[in-house]
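The values are calculated or read from the model by the stated rules, or taken from the named source; none is laboratory data. Owing to the predicted nature of the structure, the values given are computational and were not obtained by experimental measurement. Neighbour counts are summed over all protein chains in view; Cβ atoms, including those assigned to glycine, are modelled from backbone coordinates with ideal geometry.
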Amino acid sequence: MTPAPPTARRRWTRAGHGKASSILVLALSGLSPSPATSQMTAPPTGRETGILPAINFDSDEGFGYGVIAEVYEYGDGQANPYLWTVQPTVFLTTEGRRDYTVFIDAPQVGEHWRLSLFAGSEKQIATPYYGLGNDAPYDPALDAEDGPDPFYYRFGRTQASLRLDAQRSVAARMRLLAGAGLVRTSLVPVPEGRGTTLFADSAGAGSDPTWSNYARFGVIWDSRDRETGPSRGVWTEFLVQVVPEFLGAADSYTRWTFTDRRYFPLGSKLVLAYRALLQDVSGGAPDHELFLVQTSFKQQEGIGGAKTVRGLLKNRLVGRGVFVWNTELRWRVADFELLGRSFHTVLSAFVDQGRVWEDGLALREVLEDLHRGWGGGVRLGMGENFTVALDAATSEETGLPIYIGLGYLF
């Protein structure tokens with residue numbers, strides 16, 4: 001799908017000084033009854049499996065090791081984009097991070113339905129938090145691991161969630177979405193009890209588990225020629241998420257998100273892609289819930305990091321109003337066969353921009369005071385959907401963060 005599937009975990013690079021290095025990234029093809037083929041030949045059939053082992057080191061979370069896999073079932077090749085996919089993720093570190101998740105997507109349920117399910121437990125002892133607002137200050141001296149408060153811009157978060165979405169086609173290009181989720185979050189304002197943190201000082205969050213159960217609804221217009229790496233078409237959606245107390249939520253609030261993505265072919269191998277995203281969250285939402293960015297496929301986090309503005313520190317900007325604008329030029333440089341499999345490579349150059357508002361979206365200011373990152377990347381695709389991604393970006397605050405994962409940003 002167009003929003004990138006779960007990424008291999010990476011260290012967010014602090015200003016000018018990356019503290020972790022990814023030391024192994026390997027794509028392994030699984031067994032398939034029939035080899036997948038590229039967009040230039042017949043549609044893929046049978047089953048396709050891809051695995052991405054990722055090993056890294058993080059100075060806060062220790063040595064990390066995990067596996068991300070994607071299994072696609074194509075059947076006789078008539079399904080678009082596939083009959084179903086299962087995408088499990090296991091990621092652990094020596095200092096306590098524990099992520100166990102699975103995503104299931106079935107676009108061909110009956111004649112009109114698409115069902116998606118996400119379930120998992122995600123424990124992070126060093127979730128980034130730099131304060132609210134578009135001008136939230138950042139002092140690299142407070143981020144030093146040998147300083148008095150080595151976790152000053154971090155807090156601990158454990159989240160268990162079960163999310164289900166159902167989409168129904170109501171016209172050739174239009175779908176309606178209805179979804180619900182059970183989300184339980186536990187916070188540790190001061191990881192390991194060492195010093196203090198900005199989150200503990202300003203967010204006022206407690207350590208008792210809270211629920212943010214929700215229902216959501218939306219409308220989607222989708223005219224892409226394909227869902228992974230499209231070359232033409234439009235993918236636009238408007239989503240509304242309601243988190244009410246009567247569903248067991250600790251706080252009541254509403255989140256709406258509008259996203260417009262467009263793809264323009266500039267010849268047979270070159271595509272210009274852009275995404276514009278607006279989001280607003282009403283009062284009542286706690287600070288740790290403002291990281292979430294809605295999509296109709298998978299939830300994302302931002303602003304800053306692999307899913308929104310590459311080159312900015314992860315979750316660098318937080319607010320109730322959000323604007324993101326991504327522009328990307330993609331060049332499909334080669335299609336080739338290897339070990340009976342079809343592969344392709346795509347090079348890209350991009351500029352990502354965005355901003356937030358502490359108290360809510362202000363449309364008249366969307367093009368003012370933008371934070372931006374820029375860089376380039378490469379995609380190695382196996383078959384139609386399994387795509388290994390590597391992006392490198394920079395900004396005024398960072399050196400050269402590297403993002404390793406699966407799929408495309410949008």
Just give me the residues in the range 390-407 being crowded, with 24+ Cβ neighbours inside 10 Å and among the hydroxyl-bearing types (S, T, Y), in sequence order. Y403
Can you confirm whether the range 285-298 contains a residue that is at pLDDT below 95, of a type in the set (A, V, I, L, M, F, W, C), out of contact with any His (no Cβ under 8 Å at 6 or more places or on another chain) and farther than 30 Å from P140 by Cα? yes
Criterion (among the aromatic types (F, W, Y), more than 27 Å from T185 (Cβ to Cβ) and either free of Cβ contacts under 8 Å to residues at least 12 places away in the same chain or crowded, with 16+ Cβ neighbours inside 10 Å (or both)) met by exactly one of Y100, Y82, Y130: Y82
With the checklist (1) closer than 20 Å to G283 by Cα; (2) at pLDDT 90 or above in hand, flag the one item L198 doesn't pass. (1)
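Conditions (1) among the acidic types (D, E); (2) on the phi > 0 side of the Ramachandran plot; (3) part of a strand (DSSP E or B); (4) touching a strand residue (DSSP E or B) at 6+ places or on another chain (Cβ under 9 Å), marked per residue:
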{"residue": "T158", "(1), (2), (3), (4)": "no, no, yes, yes"}
{"residue": "L162", "(1), (2), (3), (4)": "no, no, yes, yes"}
{"residue": "D165", "(1), (2), (3), (4)": "yes, no, yes, yes"}
{"residue": "R168", "(1), (2), (3), (4)": "no, no, yes, yes"}
{"residue": "R175", "(1), (2), (3), (4)": "no, no, yes, yes"}
{"residue": "A178", "(1), (2), (3), (4)": "no, no, yes, yes"}
{"residue": "L182", "(1), (2), (3), (4)": "no, no, yes, yes"}
{"residue": "T185", "(1), (2), (3), (4)": "no, no, yes, yes"}
{"residue": "G195", "(1), (2), (3), (4)": "no, yes, no, no"}
Within the group Q294, Q299, which residue is surrounded by fewer than 19 Cβ atoms within 10 Å (Cβ to Cβ) and closer than 26 Å to P401 by Cα? Q299
Taking the range 232-275, which residues are crowded, with 20+ Cβ neighbours inside 10 Å and under 23 Å from T387 (Cβ atoms)? W235, E237, T259, R261, Y263, V271, A273, R275
Residues satisfying the stated conditions in the range 276-289, i.e. among the aliphatic types (A, V, I, L, M) and surrounded by fewer than 22 Cβ atoms within 10 Å (Cβ to Cβ): A276, L278, A285
Would you check if there is a residue in the range 386-396 being of a type in the set (V, I, T) and part of a loop (DSSP other than H, G, I, E, B)? no
Within the range 338-378, can you find the residues that are surrounded by fewer than 13 Cβ atoms within 10 Å (Cβ to Cβ) and on the phi < 0 side of the Ramachandran plot? L338, D359, L363, R364, L367, E368
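Look through A172, A178, A160 and report the one residue that is surrounded by fewer than 16 Cβ atoms within 10 Å (Cβ to Cβ) and either touching a residue at least 24 places away in the same chain (Cβ under 8 Å) or touching a helix residue (DSSP H, G or I) at 6+ places or on another chain (Cβ under 9 Å) (or both). Give the steps one after another, and end with the answer.
Details: A172 fails: either touching a residue at least 24 places away in the same chain (Cβ under 8 Å) or touching a helix residue (DSSP H, G or I) at 6+ places or on another chain (Cβ under 9 Å) (or both); A160 fails: surrounded by fewer than 16 Cβ atoms within 10 Å (Cβ to Cβ).
When all the criteria are applied, what remains is A178.
Please tell me if Y129 is touching a helix residue (DSSP H, G or I) at 6+ places or on another chain (Cβ under 6 Å), among the aromatic types (F, W, Y) and within 30 Å of V67 (Cα to Cα).
Against the criterion (touching a helix residue (DSSP H, G or I) at 6+ places or on another chain (Cβ under 6 Å), among the aromatic types (F, W, Y) and within 30 Å of V67 (Cα to Cα)), Y129 qualifies.
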Among the residues of the range 262-304, which ones are in contact (Cβ under 8 Å) with a residue 40 or more places away in the chain, assigned to a strand (DSSP E or B) and farther than 18 Å from N134 by Cβ? L270, V271, L272, A273, Y274, R275, Q300
Looking only at the range 338-378, count how many residues are part of a loop (DSSP other than H, G, I, E, B) and among the small types (G, A, S). 3
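Residue-wise test of (1) out of contact with any His (no Cβ under 8 Å at 6 or more places or on another chain); (2) free of Cβ contacts under 8 Å to residues at least 24 places away in the same chain; (3) among the small types (G, A, S).
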{"site": "S212", "(1), (2), (3)": "yes, no, yes"}
{"site": "A215", "(1), (2), (3)": "yes, no, yes"}
{"site": "I220", "(1), (2), (3)": "yes, no, no"}
{"site": "E227", "(1), (2), (3)": "yes, no, no"}
{"site": "S231", "(1), (2), (3)": "yes, no, yes"}
{"site": "W235", "(1), (2), (3)": "yes, no, no"}
{"site": "F238", "(1), (2), (3)": "yes, yes, no"}
{"site": "F246", "(1), (2), (3)": "yes, yes, no"}
{"site": "D251", "(1), (2), (3)": "yes, no, no"}
Looking only at strands (runs of 3 or more DSSP E) that fall completely inside the range 60-119, which ones have 3 or more residues that are touching a Gly at 6+ places or on another chain (Cβ under 9 Å), of a type outside the set (S, T, N, Q) and within 22 Å of R224 (Cα to Cα)? 62-75
Residue that is touching an Asp or Glu at 6+ places or on another chain (Cβ under 7 Å) and of a type outside the set (V, I, T), where the choices are R372, R364, R379: R372
The condition from (1) touching a residue at least 60 places away in the same chain (Cβ under 8 Å); (2) surrounded by 22 or more Cβ atoms within 10 Å (Cβ to Cβ); (3) not in a loop (DSSP other than H, G, I, E, B) that D335 misses is numbered (2)
